[in-house]
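Undergrad: Here you go, one structure.
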């Protein structure tokens, strides 16, 4: 991305592990760093800020290309990833250090942020006042290296923390599918944008006519196909796996591995927003069910016995998936995933 075009936005939205992870996935954003701002102590440590005695907030700085994503859009994205009516912290994290705020870098950012906050308040989405402050940025102190890209360095710890924090449950209840709509300015070609599509679940009568009996049983009735007797369990072809019901992207072949179980297995989904997890108490055991976020298809289960880098094994039914070879991504409207795959491969290297 052209460094000459980069600009900076600063937000505080509770635990910076989560806010950093959410913003880093946005097209047009090429770096997000975690840190502390708003307090009086110079060069604070994580322990000092966590004590709540320095007046600092956990915050992030977003480096972005304004030609791809505007500051206004970043602010809108911010609202959709916090609780703006919580004056005592954010979700499970309590205390002033976890409160939400927008720190503006200039008067233009201030005006945009204030107008956006006013519009949110007037929308009636929340029954209580918006308490997120809009403040001038003073000094931003980088957090310790161990906290940068925490979701990548410690995926199991991050995933466990996030799933129990209440953040995603609140956001899903408040925003629903709106949270997954396209929020970039560079979306003039919707047929080539993963996020520009509005993936939807067809009516049941349509599904019954489009899906095979096995596909319907697996995705709509929590079924399971036979091990070693399904379409993708041993496939090594390069490409993308999408929800057979909605078409939303779910898994990359570069994250697929041979688990020896007889079902397609992946170390991670294409993004944290791609799936929803539920506790499954069927068969007299406790498991974690995996469902597609927009199509609400039953996909399979996730287990903690996978390989590095995540230590996870997403065990997925072939009948819940449709495979798209890499040379067909642009043709079928998934061209933006080429850049995502490149970034994944760069991280592996």
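Undergrad: Just order 39-48, 293-302, 157-166 by mean Cβ neighbour count inside 10 Å, highest at the front, would you? Mind showing how you got there, number by number?
TA: Working: 39-48: 13.5, 293-302: 23.1, 157-166: 15.7.
Per-residue Cβ counts within 10 Å, averaged per peptide and sorted highest first, yield 293-302, 157-166, 39-48.
Undergrad: OK, next. Pull out the extension gain between residue 87 and residue 331, defined as 0.36 nm times the separation in residues minus the alpha carbon to alpha carbon distance; nm, one decimal.
TA: On the way: separation 244, 0.36 × 244 = 87.84 nm, distance 4.73 nm.
Additional length available on full extension: 83.1 nm.
Undergrad: Further, regarding this structure: Based on the Cβ-Cβ distance of residue 6 and residue 169, what FRET efficiency does E = 1/(1 + (r/R0)^6) give at R0 = 41 Å, to the nearest 0.05? Walk me through the numbers before you get to the answer.
TA: Numbers: r = 34 Å, r/R0 = 0.83.
So, using R0 = 41 Å, E works out to roughly 0.75.
Undergrad: With runs of 4+ DSSP H residues as the only contributors, calculate the mean residue ellipticity of the chain at 222 nm using -39,500 (n - 2.57) per run, divided by the residue total and rounded to the nearest 500.
TA: Rounded to the nearest 500, it is -7500 deg cm²/dmol.
Undergrad: Here is a further query. First obtain the Kirkwood hydrodynamic radius of region 3-180 from its Cα pairs, then insert it into the Stokes-Einstein equation at 10 °C and 1.306 mPa s, and state the resulting D in µm² per second as a whole number.
TA: 97
Undergrad: Given a cut-off of under 8 Å on Cα pairs at least six residues apart, what relative contact order in percent is computed for region 196-348?
TA: On the way: 284 pairs, mean separation 37.7, N = 153.
That works out to 25 percent.
Undergrad: Over all distinct Cα pairs, what is the inverse of the mean 1/r for region 196-348, reported as the Kirkwood hydrodynamic radius in Å? Walk me through the numbers on the way to the answer.
TA: Working: mean 1/r = 0.0636 Å⁻¹.
Taking the inverse mean of 1/r over all distinct Cα pairs, region 196-348 comes out at 15.7 Å.
Undergrad: In degrees, nearest 10, range 0 to 90: what is the angle between the Cα axis of helix 155-165 and the longest Cα principal axis of the chain?
TA: Rounded to the nearest ten degrees, it is 70.
Undergrad: Could you tell me the largest-minus-smallest coordinate of the C-alpha atoms of region 269-346 on each of the three principal axes, in descending order and whole angstroms?
TA: Computed over region 269-346, the largest-to-smallest principal extents equal 44, 27, 20 Å.
Undergrad: OK, next. Taking a temperature of 10 °C and a viscosity of 1.306 mPa s, what whole-number D in µm²/s does Stokes-Einstein yield for the chain with Rh from Kirkwood over alpha carbon pairs? If you can, show how the numbers build up before the last one.
TA: Working: Rh = 21.5 Å.
Roughly 74 µm²/s, to the nearest whole number.
Undergrad: Could you work out the percent of alpha carbon pairs in region 199-257 separated by over 19 Å, rounded to a whole number?
TA: Tail of P(r) above 19 Å: 38 percent of Cα pairs.
Undergrad: Let me ask you something else. Using the basic label-point model (7 angstrom from Cα toward the beta carbon), what is the residue 152 to residue 110 distance in nanometres?
TA: 3.5
Undergrad: According to a simple spin-label model (label point 7 Å from Cα along Cα-to-Cβ), what is the distance in nm between residue 304 and residue 257?
TA: 1.6
Undergrad: From the convex hull of the Cα coordinates of region 302-343, what is the mean projected area in square nanometres?
TA: Details: hull surface 16.2 nm².
The directionally averaged projection comes out at 4.0 nm².
Undergrad: For residue 45 and residue 94, calculate 0.36 nm times their separation in residues minus their Cα-Cα distance, and state this gained length in nm to one decimal. Display every interim value, and only then the final one.
TA: On the way: separation 49, 0.36 × 49 = 17.64 nm, distance 1.82 nm.
Full extension from residue 45 to residue 94 adds 15.8 nm.
Undergrad: Here's something else I'd like to know. I want to check the label-to-label distance for residue 285 and residue 25. Put each point 7 Å from Cα in the C-beta direction and report it in nm to one decimal.
TA: 2.8
Bear in mind that the values in this text are calculations on the coordinates, not laboratory data. From a predicted model like this one, the values you see are computed outputs, not experimental measurements. Reconstructed Cβ throughout: ideal geometry from the backbone, glycine too, with neighbour counts over all protein chains shown.
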